[in-house]
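Before any comments, here is the structure.
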Amino acid sequence: MKNFTSKHSKKNNQATITRRNFLNTGMAAATFSLATGVTLMAYASNNDKVSGKTSRWGLLIDVNKCKSDCNDCVKACSNENGWELSEENSKTDAQWIRKIDLKEMASGREISLPLMCQHCESPPCVDVCPTGASFKRSDGIVLVDKHICIGCRYCMMACPFKARSFIHEKVPESQKKSGSPRGKGVVESCTMCVHLVDEGGTPACAIACTQTGNEAILFGDLYDPNSEISIRLATYQSSALRDDLQLNPSIRYQNF
Amino acid sequence: MKSLTAILVILLSLFSFSALSQEESKISFSPKVPKAVGAPHPEGNEFMRINHPKLLLHDRDKALRLGDREIGNSLKECVACHAVEGEDKQPVTYEDPQYFCRVCHDFVAVEIDCFTCHQAKPDDSILQRLLLERPAPLKQSQAELDNYLQANEQ
Amino acid sequence: MEKIKYSELRSTPKLWSLLFILALFIGAAALTVLYIEHNGHIVTGMNNQIVWGVPHVFAIFLIVAASGALNVSSIGSVFGKQGYKPVARLSSLLAMALLMGGLAVLVLDLGRLDRLIIAMTTYNFKSIFAWNVLLYTGFLGVVAIYLYAQMARGVPSFALKTAGMFAFLWRLALTTGTGSIFGWLVARQAYDAAIMAPMFIAMSFSFGLAMFILVMIGTCIMTGRRYGTELRTRQARLLGLFVGVVLYFTLIKHLSNLYVNEHIEFEKFILLNGGIYTLLFWVGQVFLGGIVPLFLLFHPKLDRKRNLVLLAALLVVLGGLAQLYVIIIGGQAYPLEIFPGYEVSSSFYDGVINSYIPTSLEFILGIGGVALALTITIIGMKILRIMPTNLSDDNVDINQE
């Protein structure tokens, strides 16, 4: 198992340039003048209220407990965040989380698991985003800043998990939730229910999974050695998807 | 000279005519801002009229990038308190010209992009909370505001 | 041998009707952009599986060809071949025009076109895309200065050479950046290969020269200006060489992929059973865009006659579009390998070959970019002294060093 704390003192990679931030906030930041109106600014990470020094949110998914005929985590996510999968636009509709049925070719073992944004420690989507709209918070949650996303879709090309969706048409009022703004022309993905987590809550998929009694999804703080998720990770074998890429995701799979 | 007088007369008559017709439909030369539900801004309306864009932009980045949601200027709260009821007694959406933001923004022809993504209708739970208590941070003076916008979030 | 004279294109009905036709294409593309912006990308064939479609094929073709079109200039001033100097101005102009056409298509396909200003003012310097924004806009500036140095009187030769050298290095960086858009995508089987960058440079040499030959000979035919056999033969031989280099890189890319077991399924998809992609690869890229032009350009009995060279250049362009279609769309059509060793199924098209049916809108947008590039070139030739009045062999000593 990878050590989650190993790289965590790495400098916060929120590097954005915005003239407004520079002019208005003057935060403890490194600023470089590039040209008139263009400034490079890096947030100093010790400004963060949710500083990565204290937490990194993650999910542990026990594949053995996940039932192939259960879709409750997907439904819960859809309800919480507003996205809807329709029959006729199944290729263009957003899907923040999906159930995947797997059959191991060598052994014939059949399993089922939910797949969503893996909230990588070194996210390729953040690396490729030209404007810095795709970013990782210091608590490890990878988000799209829809205020500055220009809809180029390069992050979708870069994501190894196909976790992101582009919004292909106008979002009806019924599909916008107060905790989860959604709109045409930008990219979106699982936010680990950041609006709930910031208020001390748990992501909707994890709650739903507990309610089914399957208890396959466990949410917790990977940096807190006493959290249930850390204890289980330290006790049992678990794995990350596409481990060959060394992205060190916050989502881990047990018995896979 | 004659033609100038003629133009002047025409303009004046047009002006008085429009003034008259506006008197009739009770439209003044400034937009009629709908009343909000909760307690008034302690900073005063004039302060908010001038500074709401700065506060919204500043606090949106705080909430999204730093995860600090203990902010006084959340769009959700604006929307809840400033909801306008339509004829069906339901809060109107941004599509409706009566929508709170649109009343002034249409008047000055400044388009806002918030509601292409954000929910325009109020969240009941937020409204209930706002009716009980006003959100805390008060920045009564411009100096206080500038200080807030520039302060390090230590 | 007279002195080379440059002159603006004359106002002829032919010229104006050509511009009119091009304006129709540009107008159609503009309407298409408004339509897509209003309705969202749902009206195109692109979806969450194939996120980059036909507009990107055209855009990247034009951008790659732009840097290649500058080569004729570079051969003249950087590598000192005097014979290429008379056509160097056109080369610089065409390079800028193609880049503008390509950038326009790329930008007009954005989900939030209205936020273009953000792309210009907010940079994430770890993104090769952000670097490309700077490389592309910088290219326009660098080539503009180069063109000025070529056209102005009394520019010392070292200054011209320096400007030319700078532009040449810049264009290498630009194509490297464009190739790296794909080369640095670790996630996908189709990309993630360092060979992408040099292959894109080879492609730019080939596509750019093909576009240049089409525009130069086309302009000479339209305006009745003379155009020597020797110059044409030289450029035809060069084009043949570049076509060969692209084929070589293609061969190496596929051979090295075939050697690695994890890439074999993807190679089978492109080379054997990928349907449209296999067809476009073998018939479009390799046969029509590679072998046929090589035959046309090098067969001793064909003698590189004008129409054959034009045909060869046209085939190289079409083959180039086919090649980019296979790279960009074929690469996305093949599913991501998230679970190696497993059979996969889900509601999100995991584990299946993704289908993409481009709509006419996407072609209109892409062709509009080509039309824009040609329009800028023609207007440039119309108002500036770009084209030599006489390019006959007597006048252009191609062999002079």
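Of the residues A:E110, A:E80, the single one that is among the acidic types (D, E), over 18 Å from C:N124 (Cβ atoms), surrounded by fewer than 17 Cβ atoms within 10 Å (Cβ to Cβ) and in contact (Cβ under 8 Å) with a residue 40 or more places away in the chain is A:E110.
Kindly check whether there is at least one residue in region C:143-157 that is surrounded by fewer than 23 Cβ atoms within 10 Å (Cβ to Cβ), within 20 Å of the chain's Cα centre (by Cα) and modelled with pLDDT of 95 or more. Scanning region C:143-157 turns up at least one residue that is surrounded by fewer than 23 Cβ atoms within 10 Å (Cβ to Cβ), within 20 Å of the chain's Cα centre (by Cα) and modelled with pLDDT of 95 or more.
Residues considered: C:T137, C:T121. Of these, the only one that is open to solvent by 30 Å² or more (accessible area, probe 1.4 Å) and either under 15 Å from A:I150 (Cβ atoms) or in contact with an Asp or Glu (Cβ under 7 Å, 6 or more places away or on another chain) (or both) is C:T121. Restricting region B:54-76 to residues that are under 24 Å from B:P91 (Cβ atoms), part of a helix (DSSP H, G or I) and at the interface with chain A (Cβ under 10 Å from one of its Cβ atoms), the residue that is nearest to the chain's Cα centre (by Cα) is B:L75.
Close contacts from region A:227-256, counting a first residue that is of a type in the set (D, E, K, R) and a second that is part of a helix (DSSP H, G or I), with Cβ to Cβ under 9 Å and a gap of 6+ residues or different chains, come to A:R252/A:I229; A:R252/A:L233.
All of C:G76, C:G80, C:G53 fail the test of being more than 19 Å from the chain's Cα centre (by Cα) and open to solvent by less than 10 Å² (accessible area, probe 1.4 Å), apart from C:G76. Being within 10 Å of another protein chain (Cβ to nearest Cβ), crowded, with 24+ Cβ neighbours inside 10 Å and over 17 Å from the mean Cα position of the chain (by Cα) is a condition met by at least one residue of region A:130-144. Among the residues in region C:286-294, are any over 23 Å from the mean Cα position of the chain (by Cα), of a type outside the set (G, A, S) and open to solvent by 40 Å² or more (accessible area, probe 1.4 Å)? There is no residue in region C:286-294 that is over 23 Å from the mean Cα position of the chain (by Cα), of a type outside the set (G, A, S) and open to solvent by 40 Å² or more (accessible area, probe 1.4 Å).
Return yes or no: is C:T219 within 20 Å of C:G289 (Cα to Cα), among the hydroxyl-bearing types (S, T, Y) and touching a residue at least 24 places away in the same chain (Cβ under 8 Å)? Against the criterion (within 20 Å of C:G289 (Cα to Cα), among the hydroxyl-bearing types (S, T, Y) and touching a residue at least 24 places away in the same chain (Cβ under 8 Å)), C:T219 does not qualify.
Of all residue pairs spaced 6 or more apart or on separate chains, none has beta-carbon atoms under 6 Å together with a first member in region B:37-62 that is open to solvent by less than 60 Å² (accessible area, probe 1.4 Å) and a second member that is assigned to a loop (DSSP other than H, G, I, E, B) and of a type in the set (S, T, Y).
Only one of the numbered conditions (1) assigned to a loop (DSSP other than H, G, I, E, B); (2) out of contact with any strand residue (DSSP E or B) (no Cβ under 8 Å at 6 or more places or on another chain); (3) under 20 Å from A:A163 (Cα atoms) is violated by C:D393, and that is (3).
Among the residues of region A:179-187, at least one is at the interface with another protein chain (Cβ under 7 Å from one of its Cβ atoms), of a type outside the set (K, R), open to solvent by 10 Å² or more (accessible area, probe 1.4 Å) and under 28 Å from B:K121 (Cβ atoms). Testing B:K121 on (1) within 14 Å of another protein chain (Cβ to nearest Cβ); (2) charged (D, E, K, R); (3) assigned to a helix (DSSP H, G or I), one condition comes back false. Which one is that? Of everything listed in (1) within 14 Å of another protein chain (Cβ to nearest Cβ); (2) charged (D, E, K, R); (3) assigned to a helix (DSSP H, G or I), B:K121 misses just condition (3). Residues of region B:77-89 that are surrounded by fewer than 19 Cβ atoms within 10 Å (Cβ to Cβ) and within 14 Å of another protein chain (Cβ to nearest Cβ): B:G86 alone. None of A:R232, A:R242 is farther than 19 Å from B:T116 by Cα, away from every other protein chain (no Cβ under 14 Å) and either out of contact with any Leu (no Cβ under 7 Å at 6 or more places or on another chain) or not hydroxyl-bearing (S, T, Y) (or both) except A:R232.
The set of residues from region C:353-378 being of a type in the set (A, V, I, L, M) and farther than 21 Å from C:K85 by Cα comprises C:I353, C:I357, C:L361, C:I364, C:L365, C:I367, C:V370, C:A371, C:L372, C:A373, C:L374, C:I376. Scanning region C:158-198 for residues that are within 14 Å of chain A (Cβ to nearest Cβ) and open to solvent by 30 Å² or more (accessible area, probe 1.4 Å) turns up C:W184, C:V186, C:D192. If the condition is being within 14 Å of another protein chain (Cβ to nearest Cβ) and open to solvent by 10 Å² or more (accessible area, probe 1.4 Å), then region C:306-334 contributes C:I327, C:Y334.
The values are calculated or read from the model by the stated rules, or taken from the named source; none is laboratory data. Being a predicted model, the structure only gives us computed values, none of them experimental. Ideal geometry is used to build each Cβ from the backbone, glycine not excepted, and the neighbour counts take in all protein chains shown. Heads up: the accessible areas ignore ligands, DNA and RNA and are worked out on the full protein's heavy atoms, side chains in. Shrake-Rupley method; radii C 1.70, N 1.55, O 1.52, S 1.80 Å.
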